[in-house]
1. With +1 on the Cβ of every Lys and Arg and -1 on the Cβ of every Asp and Glu, and nothing else charged, how large is the dipole of the range 69-209 about its Cα centre, in debye rounded to the nearest 20?
2. Taking the Cβ of each residue in 126, 145, 158, 100 as the centre, tally the other Cβ atoms inside 10 Å and list the residues starting with the fewest.
3. Once you've got the GNM for the chain with C-alpha springs shorter than 10 Å, pick whichever of 231, 30, 59 has the biggest mean-square fluctuation.
4. Determine, for 155, 42, 91, the number of other Cβ atoms within 10 Å of each Cβ, and report the residues in order from fewest to most.
5. For volume of the Cα convex hull per residue in Å³, one of (1) 126; (2) 157; (3) 134 was computed from the structure I shared and the rest are decoys. Which label?
6. So which lysines pass the test for residue 266, namely a Cα distance under 18 Å, with those fewer than 8 places away in the same chain ruled out?
7. Take the alpha carbon atoms of the range 149-205, find their center, do the same for the range 102-142, and report the distance between the two centers in whole angstrom.
8. If I model a spin label as a point 7 Å beyond the Cα along the Cα-Cβ vector, how far apart are those points for residue 264 and residue 43 in nm?
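Nothing in this text is a laboratory measurement; each read-out follows from the coordinates by a stated rule. If you're wondering where the values come from, they're calculated on a predicted model, not measured in any experiment. Methodologically, a virtual Cβ is constructed for each residue, glycine included, from the backbone with ideal geometry; neighbour enumeration extends over all protein chains shown.
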Amino acid sequence: MPSSAAEGARVEVFASLPVYAGSAIFIGGFVAIAVLGGLLAHRFFPQSILEQHNEIAGFVFAVVGVVYAVLLAFLAIAVWERFDAAETRVHDEASQLLVVYRRVDAFPSARYALRKEIARYVDLVVSDEWPKMNVGTQSSAANQVLEDIAYRVRHLRVTTATQQDLLTSLIDGLQATMLDRDDRLLLSNTGINKFLWTTLFLGAAAVLLFSYLFAFKSTGAQMAMTGLLAFTLALVLYLIAVMDYPYRGDVRIPVTPFIEARHAFKAIGF
């Protein structure tokens, strides 16, 4: 049976591995420990006594299983929604930059320099920041370039009412871009805390322990049922683990929106 606190603390290690290797090690190890625990339990628990309480054990197991299923489903949905929100942040950030890139043409004297800096920021996000986010860091160069862009926009010279309206729009767009970037970096470094992981593994251990209280006449049937139960639990736990940090590992949000924005910049020109 898996050790809850220890595995909860180390689950990020499995999630950081290539997905096929990580899933094989995590799920395979989980199933192997669960099946071994079941075999040991039935070696020392008197089968005659267990048979007398199969109906009661079944009722209690159903209650425990439902309670844990609710907890597991709640966290799985929460992680999935968080992953989806993180992907939306990336699209919003890239889209806002594209809007700003287009609208700076209202300021001919500053257009070329600003567009060059916006394109440079996107290049840094693609080539520098995204690889760094995979290990939980960020690009200080990209941060500095974005701050410089925001400073230049705030100090653009306005000569007409139209330019004033566009300047307000540019400032709002850059503000939204910076907020999206802050959210992206925050989501890159925050995940399910150790207490919740411990709770998840303790719940899985409780479900498996209750499954050991059933009497089996066939060792093969016992191994198959225990293994399938452990496989189902491990599969959901691993799904939560790989999606917990949306910008890390193999199952992570791609940088595609910024690449597409870079292509759009080239089409628009400086």
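1. Values: 15 positive and 17 negative charges, 61 e Å.
That gives a dipole near 300 debye.
2. Details: 126 17, 145 20, 158 14, 100 23.
Result, fewest neighbours first: 158, 126, 145, 100.
3. Looking only at 231, 30, 59, the largest GNM fluctuation is found for 59.
4. On the way: 155 8, 42 19, 91 16.
Neighbour counts put them in this order, fewest first: 155, 91, 42.
5. Correct label, based on the coordinates given: (1).
6. Filter leaves 116.
7. 14
8. 6.4
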